[in-house]
Structures are given as C-alpha cells and as structure tokens.
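Structure first, then comments.
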Amino acid sequence: KSIRRVLDIGCGAGNNTLKLCQSAAGFDSDLLDLSLPMLEKAHERVAAVNTGVIRLWHGDFRDQDLPGGAYDVILAAAVLHHLRDDWDWESAFRKLYRLTAPGGSVWITDLVTNETDAVQALMWERYAAYLRSIGGDDYQAKVFSYVEKEDSPRPVTYQLDLLRRTGFQHVELLHKNACFAAFGAIKASA
C-alpha cells in the first residue's frame, strides 16, 4: 500500500516521520504534539526532506478532531503510556482504528509493563540499572517518580489484545526488550 498521509502522535521533533521519509517520501504529514516548540521544530525538519503537505495539530491526541479513515500510517512513539485508566486506553485505541484508512497501519513504540510480578520486578530493575548508568541514582529516582505519578503503561499483550478488540485484523509484535516494545496493527482493506 502506498503512503499518502501519516499521523505522528506525540511527534516531538519529528524523528519518526523523518525515519519514515527515508523509505517513502512525498506523503502528507499530520504532526501532533502538546509542545508548540516541538511541533515547530518537527515542521522545520520534515519540510526540509519531504514534499508533502504538513499540518500541525497542537494539543492532546484524545481531544483533536482528526479526519476519520484518513491515515495510511499512524505513528505513536513514547506517548500512549500517558493514558490513564482502561476506559482511556480503550477510547484511544478505538480512535486509532477510526483514524486509520482501510489497509492502513498503526505502529507503536512505548514503555510497557509485564503481566507477571516477578518478571515485572526483574525488567524494572534492568530499566533502573540503565537509568543509573546514564544519570546516576538521582536520575533513576526522578524518572521512576515521574512514571509513578504521570504514567500508566500497560503490558504489550494488553495492547495487542486491545488492537484486535477495536477492529484491527493483523497485529504484530516487532520487538520487546525489558520495559519497551515496538508493535503495530494493520486495518483490513475496504
């Protein structure tokens, strides 16, 4: 399927759209982020390498009136773990399905938890060790405190099941390492 229009949720500086431009240029890009300075930086960077129309969406994905069935590719990197309760997760995933064009796909890379307490403890300690290695004990404590206060990551299995329940036909787990996973889904063609 050719890529005509992409939605990058929580686009930051546009890194994921830029990566997609390396293999498929010329598509329209809808860049969405809570940070206006990041949106402006993403616009500047994407416009430098891609000839498609760029639209900026400033705000929370859940509140934006995005066009239904319009996106051949939806990217969501390090953003969905901010969703709150199960209703919020289900609502967001239903919206992802509505926004995806027939034959289109959603690709998620994010912080995840594990279903088994012992595995979660082991993976969380691996993550803690990584954070300490790059910023020391204070940095690790700061990140964990923020996650506990602001985030509600879910297991990748929960999210894969949610993709299926909301209507996606083909679901793929691309990679999982400790507390991070890359996965996606493809909507059936019309």
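The values are calculated or read from the model by the stated rules, or taken from the named source; none is laboratory data. No experiment lies behind these values; they were computed from the predicted model shown. Methodologically, a virtual Cβ is constructed for each residue, glycine included, from the backbone with ideal geometry; neighbour enumeration extends over all protein chains shown. With ligands, DNA and RNA removed, areas are computed over all heavy atoms of the protein, side chains included. Shrake-Rupley method; radii C 1.70, N 1.55, O 1.52, S 1.80 Å.
What to note about this one:
- Probe 1.4 Å, accessible area per residue of the chain, Å²: 51
- Taking 0.36 nm per residue of sequence separation and removing the Cα-Cα distance, the Asp88/Ser152 pair yields an extension gain of 22.0 nm.
- The modelled label-to-label distance between Glu44 and Arg165, using points 7 Å beyond Cα along the C-beta direction, is 4.3 nm.
- Mean separation of Cα contacts under 8 Å (6+ apart) over length of segment 59-190, as relative contact order %: 33
- Candidate lysines - alpha carbon under 20 Å from Lys95, same-chain residues fewer than 8 apart omitted: Lys187
- Helix-only mean residue ellipticity at 222 nm for the chain, each DSSP H run of n ≥ 4 adding -39500 (n - 2.57), per residue, nearest 500: -13500 deg cm²/dmol
- Heavy-atom accessible surface of the chain: percent carbon and sulfur, 1.4 Å: 53
- Reducing segment 1-72 and segment 90-127 to their Cα centroids gives an inter-centroid distance of 20 Å.
- Length gained on full extension, Leu34 to Ser133, computed as 0.36 nm times the residue gap minus the Cα-Cα distance: 32.7 nm.
- Applying the Kirkwood pairwise sum to the alpha-carbon positions of the chain produces a hydrodynamic radius of 17.3 angstrom.
- The calculated Kirkwood hydrodynamic radius for segment 101-190 is 14.5 Å, given to one decimal from all distinct C-alpha pairs.
- Computing FRET efficiency as 1/(1 + (r/R0)^6) for His58 and Asn15, where r is the C-beta to C-beta distance and R0 is 25 Å, gives about 0.85.
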